[in-house]
1. Would you work out what percent of the accessible area of the stretch 77-128, with all protein chains in place, is carbon or sulfur (probe 1.4 Å)?
2. Heavy-atom accessible area per residue, the stretch 28-128, 1.4 Å probe: how many Å²?
3. Only loop residues by DSSP count here, and only those with at most 16 other Cβ atoms within 10 Å; note down the trypsin sites (Lys or Arg not before Pro) in the stretch 61-121 that meet that.
4. Along Cα→Cβ, 7 Å out, is where each label goes; now give me the distance between the ones at Lys86 and Lys126 in nm to one decimal.
Amino acid sequence: STTTFQLKPVEREDEQAETKPEGTEMDKDKDKPTLGMQVDDIGRYPGLQDKLKSSEGVVVTNVERDGLADKAGLERGDVIVEVDKKKISDLSDFKKAVAKLTKGKSYLFKVRSRSRGGAPGLVIIKIE
């Protein structure tokens with residue numbers, strides 16, 4: 001059986017109109033790689049938190065076709081809870097972990113998979 005849910009963020013009072021969540025990809029600096037995905041705090045998705053029974057991690061809100069995240073099998077709705085063995089509690093933790101990734105290396109991402117009902121799994125992303 002498959003668990004389905006909608007990804008609907010809760011608006012924050014202090015949030016300004018944005019077309020995508022702030023700071024969710026690696027820097028657009030040409031020397032910095034991009035993961036090809038956007039993420040947001042799981043706290044903005046109470047329905048997802050309830051389904052996963054967890055308030056930690058970042059939810060993948062968009063995956064760029066043929067990007068690194070797509071090639072690794074990440075999907076919209078997956079929740080990243082670790083990057084390179086560093087616990088990810090929120091967007092701030094994710095940004096710090098991603099800032100340390102370097103080209104030419106592979107990194108382990110611990111993910112709670114949307115398509116497997118929140119079951120944990122590991123994804124390896126090679127930064128190109």
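The values are calculated or read from the model by the stated rules, or taken from the named source; none is laboratory data. Here the structure is a predicted model, which is why all the values come from computation and not from measurement. With ideal geometry, Cβ positions are generated from the backbone for all residues, glycine too; neighbour counts draw on all protein chains shown. Ligands, DNA and RNA are stripped out before the accessible areas are found, and what is left, the full protein with its side chains, is counted by its heavy atoms. Shrake-Rupley method; radii C 1.70, N 1.55, O 1.52, S 1.80 Å.
1. Values: 1420 of 2780 Å².
The C+S portion of the solvent-accessible surface of the stretch 77-128 is 51 percent.
2. Working: 5360 Å² over 101 residues.
The answer is 53 Å² per residue.
3. In loop regions of the stretch 61-121 (DSSP not H, G, I, E or B), the sparsely surrounded trypsin sites (Lys or Arg not before Pro) are Arg65, Arg76, Lys85, Lys100, Lys103, Lys105, Arg116.
4. 2.3
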